[in-house]
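S.K.: Input: one structure, supplied below.
The values are calculated or read from the model by the stated rules, or taken from the named source; none is laboratory data. Keep in mind that this is a model prediction, so the values were computed, not measured. Note that each Cβ is placed from the backbone with ideal geometry, even for glycine, and that neighbours are counted across all protein chains shown. Calculation scope for accessible area: heavy atoms of the full protein, side chains included, ligands and nucleic acids excluded. Shrake-Rupley method; radii C 1.70, N 1.55, O 1.52, S 1.80 Å.
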Amino acid sequence: MVKLVGIAGSIGEQSYNRMLLEFIRDHFKKTVDIEILDINDIPVFNEDEDHDDNPAVHALARKISGANGVILATPEHNHTVPAAMKNVIEWLSNNVHPLDGKAVWIVGASYHTQGSSRAQLHLKQILESPGVNAFVMPGNEFLLSNAKEAFDADGNLKDSGTVGFLESVMKKFLTFMRVIEMLDAPDPKNSHEEDMESKHPVNTTVPDVDMTDPEWVEKAAEKTHAASGGDYVKLDRGLLTVDQLNYFLNSMAGELTFADDNNQFIYYNKKTDAAHMLAPRTPDQAGDPLSAVHPARVVEHVKQVLYALRTGESDVVSMPAQTGPNQHVMHYYRAMRDENRRYRGVNELVIDIMPILKYYLAATGQKLVKDPDAVPMSPITGLDAVTSASKHSDPTKADATSGASASKSVEEKPAADATSGASASKSVEEKPATDTTSGASESTEAVKPAAAEEPIDADALTGASEETSSETGYTSDDDSTPAKKPAAAPKPESESADTDATSGASES
Ligand SMILES: Cc1cc2nc3c(=O)[nH]c(=O)nc-3n(C[C@H](O)[C@H](O)[C@H](O)COP(=O)(O)O)c2cc1C
């Protein structure tokens, strides 16, 4: 849901402008989540003081940064903006600039007929000044005059015409906000223009912290006063503490990576240390621009994938890879988009497909055998429209998403890949590994169905009983000797009943 914050330019106990904001909040609560911010603890601005020393200013700045847009309800004092409103804006234009590039809608209420019109004009001018640099919605002035008579006892606006006009302006503001949010979206004209140096800060980019700093996470968290530990985080479908979020993400059945739309690698889930990851990442990489984690020779390929996801020519790029004898992983690179369908970065998931394959074979009493008619599989799926790199991956060139060069000989350092450039070559003496977001290099040669060195012994993974072993196996092409029906397939380890353990929802 769109998140807005509202600030009334009054610190009085009773305020018609705060009442107006409360009415807007309640009237639109089904479509917009509006939080009214309190400015009573904001001290009189003093340039000698650093906002760092003032938690109230910080809380305000953080709330504004985290919102899609801002509604300012300004009274009019002496034909202009009252001190309380101006004071807040001075704090928010000195050292911190949360209104920079933010969509703002000005409304106002006053005792008299003008409805704070002069104050609104002056406020617009102040907000468009350098240092504040907000985008104020033009026109559509909402001037609530005779405020004392405008509300009923429950704080609702009495006049339906006024409410109707308010609804039309809110609708315009939501559109205005979407347009403004697109303004700072990086907009490469082609894949070559994908900026791997992360030089197009977006509204979530943490300013003034060196992206390549090995302690980027700690420093950026301090800079943003990020929630941590037991702080609650409101999500679309639930409420978790930061600790719970970590438990949840670190226990995912796959490795996750987040690179934002400014091509900055900003998160991965720490499931285990790099040496034991499918696509290794190291803590010092978090925060890095993608250029910092990729050898130059793979950059063009990485750009092609990012561009395909950014432009919507592909919403998912997937890439299978072999990372060891009998270890095959799948990389999924999925475009992330916000409620306005704006590209917000790439979500990478790396999963070990072997347990799934072994469970499937055991459950269906099948085994893998060499398929003489096997057709080499394209190393990358979902990119054909843009690069065709996936079709004819030039062995001398690293593959589009993974940056791995198929021609890599084992001894050569594997190429890095799309979102964190880590090289994943496990110290096993087999083909180099590659993945798109971690720089792990994997062979990009066409993935041929693995010759079943031996019938899959299901129970290693799912506890399927031995007797389902190969002699009753199933060839890759099932119209040959139909297999004897194997013993009942073992249930997947975790699920005893066909209900979902966490929500109890029945899956049958
Ligand atoms: C110092 C002062 C100056 C004011 N000047 C104006 C003015 O220039 N124009 C106006 O319409 N109302 C003026 N008013 C009346 C405000 O409209 C009225 O106080 C209004 O309630 C302020 O909004 P609030 O209730 O949200 O604080 C003034 C009020 C004060 C206390």
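S.K.: Among the residues of the range 42-57, which ones are surrounded by 15 or more Cβ atoms within 10 Å (Cβ to Cβ) and at pLDDT 85 or above?
M.R.: Ile42, Phe45, Ala56, Val57, listed by residue number.
S.K.: Filtering the range 83-138 down to residues that are acidic (Asp, Glu) and more than 27 Å from the chain's Cα centre (by Cα), which residue is nearest to the ligand (Cβ to nearest atom)?
M.R.: Among those residues, the one meeting the criterion is Glu90.
S.K.: Six or more apart or on different chains, Cβ atoms under 6 Å: show the pairs whose first residue is in the range 59-87 and over 15 Å from Ala8 (Cα atoms) and in contact (Cβ under 8 Å) with a residue 12 or more places away in the chain and whose second is within 10 Å of the ligand (Cβ to nearest atom) and open to solvent by 30 Å² or more (accessible area, probe 1.4 Å).
M.R.: Here the result reads His79/Arg118, each pair linking the range 59-87 to a residue that is within 10 Å of the ligand (Cβ to nearest atom) and open to solvent by 30 Å² or more (accessible area, probe 1.4 Å).
S.K.: Related question: Could you list, in sequence order, the residues of the range 182-200 that are surrounded by fewer than 16 Cβ atoms within 10 Å (Cβ to Cβ) and within 20 Å of His97 (Cα to Cα)?
M.R.: Residues satisfying the conditions are Met182, Leu183, Lys199.
S.K.: Something else about it: Go through the range 191-214 and give me each residue that's out of contact with any Lys or Arg (no Cβ under 9 Å at 6 or more places or on another chain), more than 10 Å from Asn263 (Cα to Cα) and either in contact (Cβ under 8 Å) with a residue 60 or more places away in the chain or of a type in the set (Phe, Trp, Tyr) (or both).
M.R.: Met211, Thr212, Pro214
S.K.: Pull up the range 121-133, narrow it to residues that are open to solvent by less than 10 Å² (accessible area, probe 1.4 Å) and in contact with a strand residue (DSSP E or B) (Cβ under 6 Å, 6 or more places away or on another chain), then point me to the one that is farthest from Val104 (Cα to Cα).
M.R.: Per the stated criteria, the residue is Leu123.
S.K.: I need the strands (runs of 3 or more DSSP E) fully contained in the range 246-342, keeping only those with at least 2 residues that are surrounded by fewer than 16 Cβ atoms within 10 Å (Cβ to Cβ).
M.R.: none
S.K.: From (1) open to solvent by 30 Å² or more (accessible area, probe 1.4 Å); (2) more than 16 Å from the ligand (Cβ to nearest atom); (3) β-branched (Val, Ile, Thr), pick out the condition that doesn't hold for Val70.
M.R.: Unmet for Val70, out of (1) open to solvent by 30 Å² or more (accessible area, probe 1.4 Å); (2) more than 16 Å from the ligand (Cβ to nearest atom); (3) β-branched (Val, Ile, Thr): (1).
S.K.: Continuing with this model, one more query. For the range 156-166, name all the residues that are in contact with a Phe, Trp or Tyr (Cβ under 8 Å, 6 or more places away or on another chain), in contact (Cβ under 8 Å) with a residue 40 or more places away in the chain and under 23 Å from Met1 (Cα atoms).
M.R.: Within the range 156-166, just Leu166 meets the criteria.
S.K.: Okay, next question. Among (1) part of a loop (DSSP other than H, G, I, E, B); (2) more than 16 Å from Ile7 (Cα to Cα); (3) at pLDDT 95 or above, where does His122 come up short?
M.R.: Result: His122 fails condition (1) only.
S.K.: Next question. Taking Ser168 as the residue in question, decide whether it is more than 15 Å from Phe23 (Cβ to Cβ), polar (S, T, N, Q) and surrounded by 13 or more Cβ atoms within 10 Å (Cβ to Cβ).
M.R.: no
S.K.: Would you tally the residues in the range 139-168 being within 16 Å of the ligand (Cβ to nearest atom) and either hydroxyl-bearing (Ser, Thr, Tyr) or not in a loop (DSSP other than H, G, I, E, B) (or both)?
M.R.: Total meeting the criteria: 10.
S.K.: While we're here: Test Asn17 against the criterion of being in contact (Cβ under 8 Å) with a residue 12 or more places away in the chain and in contact with a Pro (Cβ under 6 Å, 6 or more places away or on another chain), and give yes or no.
M.R.: So Asn17 fits the description; yes.
S.K.: Filtering the range 1-41 down to residues that are within 16 Å of the ligand (Cβ to nearest atom) and acidic (Asp, Glu), which residue is most open to solvent (accessible area, probe 1.4 Å)?
M.R.: Restricting to residues being within 16 Å of the ligand (Cβ to nearest atom) and acidic (Asp, Glu), the top hit is Glu13.
S.K.: Restricting the first residue to the range 336-351 and requiring it to be hydrophobic (A, V, I, L, M, F, W, C), which pairs with a second residue that is open to solvent by 40 Å² or more (accessible area, probe 1.4 Å) meet a Cβ separation below 6 Å and a spacing of at least six or different chains?
M.R.: Close Cβ pairs satisfying both conditions: Met336/Arg344; Met336/Asn347; Leu349/Tyr332.
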